[in-house]
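What follows draws every value from the coordinates through simple rules; no lab data is involved. Because the structure is predicted, anything quoted here is derived from the model rather than measured. FYI the Cβ positions are ideal-geometry reconstructions off the backbone, even for glycines, and counts take in every protein chain you see.
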Amino acid sequence: MRKLKWALFLPVAQFVVFVILIHWENIELPYLGSLRGLCFAINSPGLFLYDFFLRMAPVRWLPPYILHIRSDHFIFLVGVIFQWYMIGREFDKRQPPKSAIEAKLTTAAVLANLLVIAWGIRLIFADLDSIFVVHLSSYIIDGFIILAWALVLVILPTLRLAKSFRRRGSSPATVQP
């Protein structure tokens, strides 16, 4: 029996969820706000590509709709697919440890982890206003979802880097029985 590839399943599933939520984007739910806001909260790490693209290139040259999706939402959708592909890839790579000696963290991996930590910090500061807005209490759930993502983006790479540096500091030659 073939093993489920999370790197393929999660992006497809989130694409379907994204299209459904964006289709009914103006529906307001109590304590959740709009479905559009919920969609952006669930996929908040995907905002990285959205922010980057909108800061680098104005959207004016894009058509108003791409595949019946607003062009700015389409850019966000590409970030969402990339986000869930990377999460699925991490799930696919998880295996029980085969030995005590694991692969070393490369310079590129360290830089990638630092970038993820920086993005998590950016999400925290961008999200503070949506958590502490007094008059728009319906958006507080979205704010806490984004805050949870931000903490995951900060904590997991930090733990990975700490484990790698701890492993690097205790090489077999210096460890005494």
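What does the extension gain come out to for Arg168 and Phe144, with contour length at 0.36 nm per residue minus their alpha carbon separation? Before the final figure, lay out each step's value.
Working: separation 24, 0.36 × 24 = 8.64 nm, distance 3.58 nm.
Contour length minus Cα-Cα distance gives 5.1 nm.
For Leu35, what is the net charge nearby, where nearby means another residue's Cβ is under 9 Å from its Cβ and Lys, Arg count +1, Asp, Glu -1?
Result for the local shell: -1.
Quick check: residue separation of Val78 and Arg55 times 0.36 nm, minus the Cα distance between them. What number comes out in nm?
Gain on stretching Val78 to Arg55: 6.7 nm.
Given the Cα-Cα distance of Leu159 and Val110 and 0.36 nm per residue of separation, how much length would full extension add, in nm?
Length gained between Leu159 and Val110: 16.5 nm.
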